[in-house]
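The values are calculated or read from the model by the stated rules, or taken from the named source; none is laboratory data. What you are looking at is a predicted structure, and each value in this text was computed from that prediction instead of being measured. Here the Cβ is made from the backbone with ideal geometry for all residues, glycine too, and neighbour counts use every protein chain on show. When the accessible area is computed, the model is the full protein with side chains, heavy atoms only, and any ligands, DNA or RNA have been set aside. Shrake-Rupley method; radii C 1.70, N 1.55, O 1.52, S 1.80 Å.
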Amino acid sequence: MDKLKIQVEVAYALPEQQKIIPLAVVEGTTAYEAVQMSGIGHFFPQIELESAKMGIFGKAVPDPKSHALREGDRVEIYRPLKIDPKQARLNRAKKS
């Protein structure tokens, strides 16, 4: 019997550009596998898939290689922070 297919999305965004790629994957596909299957790296070659942080609808996934997706999930690939949020707040407070 064929495995059930589920619908998911893979998303990545830069300040000036975003891409959301819909996919049909077999049940049990991990977040990391879906990102690989999406081909999003062709649009954004700067993404380092092995080390990229990922999440599902804004909630970080500690281990994308073992996190199985569910119907309707959107895997988001996060960009590295340019500055620590605490440091950014401190810098803004110093300016005021």
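The table below lists the values:
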item	result
Within region 25-46, considering residues that are part of a helix (DSSP H, G or I) and not hydrophobic (A, V, I, L, M, F, W, C), the one most open to solvent (accessible area, probe 1.4 Å)	HIS42
Single residue of LYS86, LYS53, LYS59, LYS94 found to be open to solvent by 80 Å² or more (accessible area, probe 1.4 Å), among the charged types (D, E, K, R) and either touching a helix residue (DSSP H, G or I) at 6+ places or on another chain (Cβ under 8 Å) or touching a residue at least 12 places away in the same chain (Cβ under 8 Å) (or both)	LYS53
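A quick yes/no check of all residues on (1) hydrophobic (A, V, I, L, M, F, W, C); (2) exposed (fewer than 11 other Cβ atoms within 10 Å of the Cβ); (3) touching a residue at least 12 places away in the same chain (Cβ under 8 Å):
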{"position": "LEU4", "(1), (2), (3)": "yes, yes, yes"}
{"position": "GLN7", "(1), (2), (3)": "no, no, yes"}
{"position": "LEU23", "(1), (2), (3)": "yes, no, yes"}
{"position": "GLU48", "(1), (2), (3)": "no, yes, no"}
{"position": "ASP73", "(1), (2), (3)": "no, no, yes"}
{"position": "GLU76", "(1), (2), (3)": "no, no, yes"}
